[in-house]
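Chemist: I'd like to ask you about the structure that follows.
The values are calculated or read from the model by the stated rules, or taken from the named source; none is laboratory data. Bear in mind that the values here come from a model prediction, so they are computed numbers and not experimental data. Here the Cβ is made from the backbone with ideal geometry for all residues, glycine too, and neighbour counts use every protein chain on show.
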Amino acid sequence: MSTSHHPAGTPLLAVIGGSGLYDLPGLTNTRWVHVDTPWGAPSDEIFLGQLGDAHLAFLPRHGRGHRIPPSELNFRANIAALKQLGATDVLSLSAVGSLRADLPPGTFVVVDQFVDRTFARAKSFFGTGMVAHVSMAQPVCSRLGRHVLAALKQQRVPHAEGGTYLVMEGPQFSTLAESRLYRGWNCDVIGMTNMPEAKLAREAELCYCSVAMVTDFDCWHQGHEAVTVDAVIQVLLGNAATARTLVGALAGTITADAAAADCACRHALDHALITAPEARDPAMLDKLSAVAGRVLKRSA
């Protein structure tokens, strides 16, 4: 298992998203690092760097070149690797389809809720030998969300404050009936990647914020069939450029946030452990130390 490459006690903003997000002007002390976790290898090596006083880590969610489909992502390894490197905050950037007419392509949605429709993914670090139940009532960090919203407003990026992200299994897109159903559930955007990512970040006691970048309307929209791949790619490229600017604007703000240390996300496991101490599997505890060492040491 890899040890942290990050100075202890200092904030580390981890960004999960597409390849190229780490191409930021002014980024120094850059290097790719390989991280092994008890749950296997993450999607790729992790790119570390500094922007002024801010320490950053970038993980290409699908691997460089977009090699890995959503259902085959090793979500547990991705989150564990960031935790092992010393990440304190996670900014998740993902491309989504819109389920609302007033969220056109190019809009950034600061998500505050999820509906998880995935079914083929390992969703927890915990299991037989050490059971835990964390709250997902508020699945993202509102503190991080406020920083993101302030940056989007300052940059005059079209955005929505709050929204429900329907996470589907994929890799195929929705049927028309499904798309209409999700609109009836009052979901706002649809994608394939933020679950179980958000659940695992909560179990790892990481502050997690999801920014969903709209590339097109889902198939419910009457103009959907006229959308070309080229048009979607152009929106993707524009969104990626905006995302890089957003990360640059956020890095210093998040690093300087005096309220970060007391954020409730840091204590998600305080009352989550269920298994009686005498019934806990030592091998499982050893494995979990990578993400839950804080509470496991306390309750030993």
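Chemist: Restricting to strands (runs of 3 or more DSSP E) lying wholly in the stretch 78-129: which have 2 or more residues that are surrounded by 20 or more Cβ atoms within 10 Å (Cβ to Cβ) and in contact (Cβ under 8 Å) with a residue 60 or more places away in the chain?
Modeler: On the way: elements: 89-98, 108-110, 113-116.
Ranges flagged: 89-98, 108-110.
Chemist: Among residues belonging to the stretch 21-38 that are touching a residue at least 24 places away in the same chain (Cβ under 8 Å) and surrounded by fewer than 17 Cβ atoms within 10 Å (Cβ to Cβ), point out the one that is nearest to Ala77 (Cα to Cα).
Modeler: Step one: filter the stretch 21-38 for residues touching a residue at least 24 places away in the same chain (Cβ under 8 Å), giving 21-27, 33-38.
Adding the requirement that they be surrounded by fewer than 17 Cβ atoms within 10 Å (Cβ to Cβ) leaves 23, 25-26, 33-34, 36.
Values: Asp23: 24, Pro25: 29, Gly26: 29, Val33: 14, His34: 12, Asp36: 8 Å.
My answer is Asp36.
Chemist: Next question, about the same structure. Please go through the stretch 223-276 and pick out each residue that is among the hydrophobic types (A, V, I, L, M, F, W, C), in contact with a Lys or Arg (Cβ under 8 Å, 6 or more places away or on another chain) and surrounded by 17 or more Cβ atoms within 10 Å (Cβ to Cβ). Reasoning before the result, please.
Modeler: Taking the stretch 223-276 as the starting set, the residues that turn out to be among the hydrophobic types (A, V, I, L, M, F, W, C) are 226-227, 229, 231-233, 235-237, 240-241, 243, 246-247, 249-251, 254, 256, 258-261, 263-265, 268-269, 272-274, 276.
From what's left, in contact with a Lys or Arg (Cβ under 8 Å, 6 or more places away or on another chain): 259-260, 263, 265, 268-269.
Ala260, Cys263, Cys265, Ala268, Leu269 - these are the residues of the stretch 223-276 that are among the hydrophobic types (A, V, I, L, M, F, W, C), in contact with a Lys or Arg (Cβ under 8 Å, 6 or more places away or on another chain) and surrounded by 17 or more Cβ atoms within 10 Å (Cβ to Cβ).
Listed here are the residues, each with its yes/no results for (1) under 19 Å from Val167 (Cα atoms); (2) part of a loop (DSSP other than H, G, I, E, B); (3) in contact with a Leu (Cβ under 8 Å, 6 or more places away or on another chain); (4) hydrophobic (A, V, I, L, M, F, W, C).
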| residue | (1), (2), (3), (4) |
| --- | --- |
| Met213 | yes, no, yes, yes |
| Gln222 | no, yes, no, no |
| Val235 | no, no, no, yes |
| Gly248 | no, no, yes, no |
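Chemist: Kindly establish whether Asp188 is at pLDDT below 95, surrounded by 22 or more Cβ atoms within 10 Å (Cβ to Cβ) and more than 24 Å from Ala87 (Cα to Cα).
Modeler: Numbers: at pLDDT below 95: no; surrounded by 22 or more Cβ atoms within 10 Å (Cβ to Cβ): yes; more than 24 Å from Ala87 (Cα to Cα): yes.
In short, no.
Chemist: From Pro171, Pro139, grab the single residue that is out of contact with any His (no Cβ under 8 Å at 6 or more places or on another chain), modelled with pLDDT under 95 and either surrounded by 15 or more Cβ atoms within 10 Å (Cβ to Cβ) or not in a strand (DSSP E or B) (or both).
Modeler: Values: Pro139 fails: modelled with pLDDT under 95.
After applying the criteria, what remains is Pro171.
Chemist: Separate question: If Ala204 meets every condition in (1) under 17 Å from Asn78 (Cβ atoms); (2) at pLDDT below 95; (3) small (Gly, Ala, Ser) apart from one, which number is that one?
Modeler: (2)
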